[in-house]
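The values are calculated or read from the model by the stated rules, or taken from the named source; none is laboratory data. Computed from a predicted model, the values in this text were never measured in an experiment. Positions of Cβ are backbone-derived with ideal geometry, glycine not excepted, and every protein chain shown enters the neighbour counts. The protein model used for the area step is the full one, side chains on, heavy atoms only, and it has no ligands, DNA or RNA in it. Shrake-Rupley method; radii C 1.70, N 1.55, O 1.52, S 1.80 Å.
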Amino acid sequence: MTARTADAVIIGAGVTGVSVAFQLAGLGLRRVVVLEKKFVGAGGTGRSVGIIRQLYPTRETSEMVLRSLRVFERFGETVGGEANFVRSGVLIGVSPAMRPTLEKTLAQQRAIGIRAEILEPADLPRIEPHIDPAGLGAVLWEPDSGYGDPAAVTAGYAAAARARGVAIEQGVEVVAIRQAADCVIGVDTAGGDRIDAPVVLDAAGLWAPLVARLAGLELPIMVGRHPVFIVERDAAFGAPHTVYLDLAGGSYVRPETGGLTLTGSLTDDETQHPMDPDLLGSEAGFDEAAEVLARTARALPALADARFSHGYAGAFDITPDWMPILDETPLRGFYVAAGMSGHGFKLAPAVGEMVAALVTGGRSPVSLAPFRLSRFEGGAAAGTFVSSYLGAESQ
């Protein structure tokens, strides 16, 4: 066994892990090591559809997504590389019952500088004529939102972290988290290396609960299957549609180059389908897609003529309230940045800043209080997928 030392070890080289590594190195930690059992972006990051919407239910999450959007807009300057951000705008449809909550949430968001407006369903054609407004109570229009490239963003953060001196080691699995006197003291790898470190961060995404168990901790995270389907739009469809999140009907669409559309479910379906994270990326066929594609066609009738191309199994690491855990655990020096619940990519720039501040004792740019692990004690914190957009009143 070979032994070495580090100031911090990060387990997981998805977008969260490399964003935190980049920020830690920027704050002066000289020996940051990222350990990834496969390759950079191999987990949930690589299967994300990359939608960047700004509708969030709390001030803290709204501040996080606004900070992150500013990074995506100027990624080459602030980090390096390409985010491939497309400012397509995002439309979010809600039912009549959801509208009062949407109005309250929008007022809060405007107060911190997020640009958005509520449209009457009849006004939809001026922005996106393909959407059927039947059954909608209102539509939120976010002109500054859009989508990015999760793989490119992760690669950009990884390259920028390396330029700051971070060591990113791929194909290295952590098999033990060592501790003494209720403090973390390092990790052991499957290859026989021992790394002594006073800080270990679990940023392993879908595998975060398994990593935490190495430290004797149980995280309130379940891995839920989220299949994504790709369809080819008919030539008669016309110009690409915008991003549309149909909370009323339960589906979403995101345009892709080559006349393609990415679509999937917008319900709490993931919590009903636990998944082994090692099955990430496995095939999701047409039989499974049929129900989702039917909802998509109701939302955008012109997509009823789209040709099914293929599907794959994505996944979310879901907490009971569908919000991340960003905290130090009862094992001192062992931190968690996981349970992203489908928000990981769009919040990654802010999460990197916040967790780096937490680890170094600095001031976080956004309050970390709502993301403490202790909020789940006694089963107090709970939510749904829709409440992660609109808050508890929408449940």
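Of the candidates Leu358, Leu326, Leu303, the single residue that is under 30 Å from Asp7 (Cβ atoms), surrounded by 19 or more Cβ atoms within 10 Å (Cβ to Cβ), more than 15 Å from the chain's Cα centre (by Cα) and not β-branched (Val, Ile, Thr) is Leu358.
The condition of being in contact with a Phe, Trp or Tyr (Cβ under 6 Å, 6 or more places away or on another chain) and polar (S, T, N, Q) holds for only one of Thr271, Thr263, that being Thr263. Against the definition (in contact with a strand residue (DSSP E or B) (Cβ under 8 Å, 6 or more places away or on another chain) and open to solvent by 10 Å² or more (accessible area, probe 1.4 Å)), how does Val175 come out, yes or no? Yes, satisfied.
If you take the residues in region 235-277 that are open to solvent by less than 70 Å² (accessible area, probe 1.4 Å) and in contact with a Pro (Cβ under 7 Å, 6 or more places away or on another chain), which one is nearest to Asp317 (Cα to Cα)? Only one residue tops the list, namely Gly264. Restricting the first member to region 77-94 and to residues that are within 13 Å of Glu142 (Cα to Cα), and the second to residues that are part of a loop (DSSP other than H, G, I, E, B) and among the β-branched types (Val, Ile, Thr), the beta-carbon pairs closer than 9 Å and six or more apart or on different chains are Ser88/Thr242; Gly89/Ile127; Gly89/Thr242; Val90/Thr242; Leu91/Ile127; Leu91/Ile131; Leu91/Thr242; Gly93/Ile131.
Would you point out which residue out of Arg194, Arg213 is assigned to a helix (DSSP H, G or I) and either modelled with pLDDT of 95 or more or of a type outside the set (Ser, Thr, Tyr) (or both)? It is Arg213. Which ones in region 309-321 are open to solvent by less than 50 Å² (accessible area, probe 1.4 Å) and either under 17 Å from the mean Cα position of the chain (by Cα) or farther than 29 Å from Val15 by Cα (or both)? Once the filter is applied, which keeps residues that are open to solvent by less than 50 Å² (accessible area, probe 1.4 Å) and either under 17 Å from the mean Cα position of the chain (by Cα) or farther than 29 Å from Val15 by Cα (or both), region 309-321 yields Ala313, Gly314, Ala315, Phe316, Asp317, Ile318, Thr319, Asp321. The combined condition, being more than 30 Å from Gln108 (Cβ to Cβ), open to solvent by 30 Å² or more (accessible area, probe 1.4 Å), at pLDDT 95 or above and more than 17 Å from the chain's Cα centre (by Cα), is fulfilled by Ala163. Residues in region 222-237 that are in a strand (DSSP E or B) and farther than 17 Å from Glu291 by Cβ: Met222, Val223, Glu232.
Scanning region 1-40 for residues that are small (Gly, Ala, Ser) and touching a strand residue (DSSP E or B) at 6+ places or on another chain (Cβ under 6 Å) yields Ala3, Ala6, Ala8, Ala13, Gly17, Ala21, Ala25. Comparison of Asp193, Asp182 shows that the only residue that is open to solvent by 10 Å² or more (accessible area, probe 1.4 Å), more than 24 Å from Ala315 (Cα to Cα) and out of contact with any Pro (no Cβ under 9 Å at 6 or more places or on another chain) is Asp193. If you take the residues of region 215-224 that are under 24 Å from the mean Cα position of the chain (by Cα) and surrounded by fewer than 21 Cβ atoms within 10 Å (Cβ to Cβ), which of them is nearest to Ala181 (Cα to Cα)? Ranking the candidates gives Leu217 first. The single condition among (1) of a type outside the set (Asp, Glu); (2) part of a helix (DSSP H, G or I); (3) under 19 Å from the mean Cα position of the chain (by Cα) that Thr267 does not meet is (2).
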